[in-house]
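Beneath this line is the structure, given in structure tokens, with notes to follow.
Nothing in this text is a laboratory measurement; each read-out follows from the coordinates by a stated rule. Treat the numbers as computed from the prediction; the structure is a model and nothing was measured. When we count neighbours, we look across all protein chains shown, and the Cβ atoms used for this are built from the backbone with ideal geometry, even at glycine.
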Amino acid sequence: MSNTAAQPSGDDRFRLAMAASGLGMAIVDLQGCWVEVNPAFERMFGYAAADMVGRPTSAFTHPDDLLLTQSFLQGLIDGSIPMLDAPKRYLHRNGETIWTHAHVAVVRDQGGKALYLLVQLRDVSAQRAAEEALQSRVDAEHAALDASHRQLQLFADAVAHDLRAPLRSIESFSGLLADRAQERLDDTDRDYLARIRAAAARMTALLSALNELSYVTRAELEPARVDLSLLAEWVGAELQDAEPQRRAEIHVQSDLVAQGDERLLKLLLGQLMNNAWKFSREREPIRIQISGERDGDTLRLQIRDHGIGFDMRYAHKLFEPFQRLHGPDQGGGHGLGLAIAQRIAERHHGHLHAQSQPESGSTFTLELPAIMAEERS
């Protein structure tokens, strides 16, 4: 008699592997019923094997996944779905949801006929709970931040509104005083009065800029095809109309098209081109070029001037509110124009940056989502 032990068959080896696996493993027949489950599967569901075998898998499937599960089962059997590797929800014996990552494959005979389904489940409930807890914290933080922003915005709007009335009075009465008492004032008095009127005008401009910053931050976007060439021509005409005595050469490349909100992009171009105009006042004529090129899904627009430029060592301050790289005598304003432009670019998932050298002009590069080729025609 031979002492050689009988080797386990292929089915025996498979069942040994199932029993030893730390993953939930099961065999499902073509009618969608459990045929066999391993110990890890029992622990995952809270049922003994005897309570599951012979029962339909749908009895243990989360109600929201039933239709999808039936569709997957049919697709796996008829071969339209080679295998399933996706999240799937089941129900524990205590009624709680079990989040799993399911891997399901069909076992076929040599002729390709489906025999049964092999199911492997990895319990990801703890990972899912951690992700949901993290998302809840993030959502709560965002909600708190949004509420804080709204409160701050309401405060800023109220302050701006309350300041406008006394500013209008200062501007109005100082103007009347200048007209009616001009002959009685000496040069020093007239200088003081001019300073008062200039300060009131600067404050009015600052409040307008604050309102614009508020608007571009909270305005609802209306994305559409935007002809930036047309908008740039429009802004250029407005700049020239405001100072008709200045000679200006504004060259705009044609067919610059992007995806975005036309109102905000008009405001953005207005800020950038007004910036170029202001810091080119010492040049004759004022020269501004707007050009662009497409790079994949991005339109790269450049606004180039030949003005006084700036030192790149201070470029990090350029788009911060109230930061000025030039004084009023060089064209410096309220320090909000480029902050407004940057905020509009960010809201379009774009980017704005600058290159410059003192006395050699500046180039602002704006990146925006491009229009797809089929949308351009």
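Of note:
- Going from the fewest other Cβ atoms within 10 Å to the most, the residues SER125, SER174, SER356 appear in the order SER125, SER174, SER356.
- Here is the result for the stretch 66-99: no chymotrypsin sites (Phe, Trp or Tyr not before Pro) lie in DSSP coil with at most 14 other C-beta atoms within 10 angstrom of their C-beta.
- Karplus 3J(HN,Hα) series, Hz, for the stretch 162-170 with 6.51 cos²θ - 1.76 cosθ + 1.60 (x for Gly, Pro): 5, 7, 5, 4, x, 5, 4, 5, 4
- Relative to the longest principal axis of the Cα atoms of the chain, the long axis of helix 187-218 makes an angle of roughly 20 degrees.
- When MET312, MET25 are arranged by Cβ crowding within 10 Å, least crowded first, meaning fewest neighbours, the order is MET312, MET25.
- The stretch 91-98 - phi-based ³J(HN,Hα) in whole Hz, Karplus 6.51/-1.76/1.60, Gly and Pro as x: 10, 6, 4, 7, x, 6, 7, 9
- Residue exposure sequence - HIS348, HIS306, HIS92 - by fewest surrounding Cβ within 10 Å: HIS92, HIS306, HIS348
- In degrees, nearest ten, helix 66-78 long axis to first principal axis of the chain (Cα): 60 degrees
- Cα long-axis angle, helix 262-278 against the chain (0 to 90 degrees, to the nearest 10): 40 degrees
- Lysines with Cα under 22 Å of LYS266, excluding same-chain neighbours fewer than 8 positions away: LYS278
- Kirkwood Rh and Cα Rg combined as Rg/Rh, the stretch 10-123: 0.94
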